[in-house]
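K.L.:
Quick one: structure below, then a few questions.
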Amino acid sequence: MVVVAAQDYHQTHARLSGVVIECLPYAEFIARYDRPIALFYLDPPYWGCEDDYGKAMFAPEDFETLAGWMKTAKGKALMSINDAPEIREIFAGFHMEEVQVSYSVAHKETARGRHGELLIRNFDL
């Protein structure tokens, strides 16, 4: 629920007037909105955790699909993903930056702490 004070209503309306909220499969969303002015932030399930958001919602083959699209995209794409050898292989040729992140919420206590992730992009900074 979003609560907006009466005096802020007009500002909020103006700010959100061009916002579109979608609930689509990722491939359909990308196809619909890919254009030169687009910036996509991609946050797929981690490699090896594809079923974490639901059975059969994302498969390892979907990483290949994303890599193929990133090669031909009209827009820019930035993806964050766990640092796994398979990910490095699939996205070889893209700009990759290693970052350390802290997980404060995890299903297992052993998963908490600092972990390596990759930022992968299809554009120069």
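Readers should treat all values here as calculations from the given coordinates under stated rules, not as data from a laboratory. All figures in this text were calculated on a predicted structure; none of them were measured in a lab. All Cβ positions, glycine included, derive from the backbone under ideal geometry; neighbour counts span all protein chains shown.
K.L.:
May I ask you to order 52-63, 74-85 by the average number of other C-beta atoms within 10 Å around their residues, highest value first?
P.N.:
On the way: 52-63: 12.1, 74-85: 16.2.
So the order, starting with the most tightly packed, is 74-85, 52-63.
K.L.:
Which of Cys49, Cys23 comes first, and how do the rest follow, when ranked by fewest Cβ neighbours within 10 Å? Can you show the working numbers first?
P.N.:
On the way: Cys49 11, Cys23 5.
So the ranking, lowest neighbour count to highest, is Cys23, Cys49.
K.L.:
A further question on this structure: Pull up all non-local amide H partners of Leu42: gap of 5 or more, or a different chain, and H-to-H distance under 5 Å with H placed in the peptide plane.
P.N.:
Here Leu78, Met79, Ser80 satisfy the definition.
K.L.:
So for the pair Met96, Asp34, with labels modelled 7 Å out along Cα→Cβ, what separation do we get in nm?
P.N.:
With each label placed 7 Å out from Cα toward Cβ, I get 2.2 nm.
K.L.:
So, one more: Mean projection of the alpha-carbon convex hull of the range 1-76 over all orientations, in nm²?
P.N.:
Value for the range 1-76: 7.0 nm².
K.L.:
Let me ask something else. In 10 Å bins starting at 0, how do the alpha-carbon pair distances of the range 25-121 split up by percent?
P.N.:
Pairs per bin, as whole percents: 14, 46, 33, 7, 0.
K.L.:
Next up: Report the local net charge at Glu50: Lys and Arg +1, Asp and Glu -1, summed over other residues whose C-beta lies under 10 Å from its C-beta. Before the final figure, lay out the partial values.
P.N.:
Details: positive: Lys55; negative: Asp51, Asp52, Glu61, Asp62.
Here the count lands on -3.
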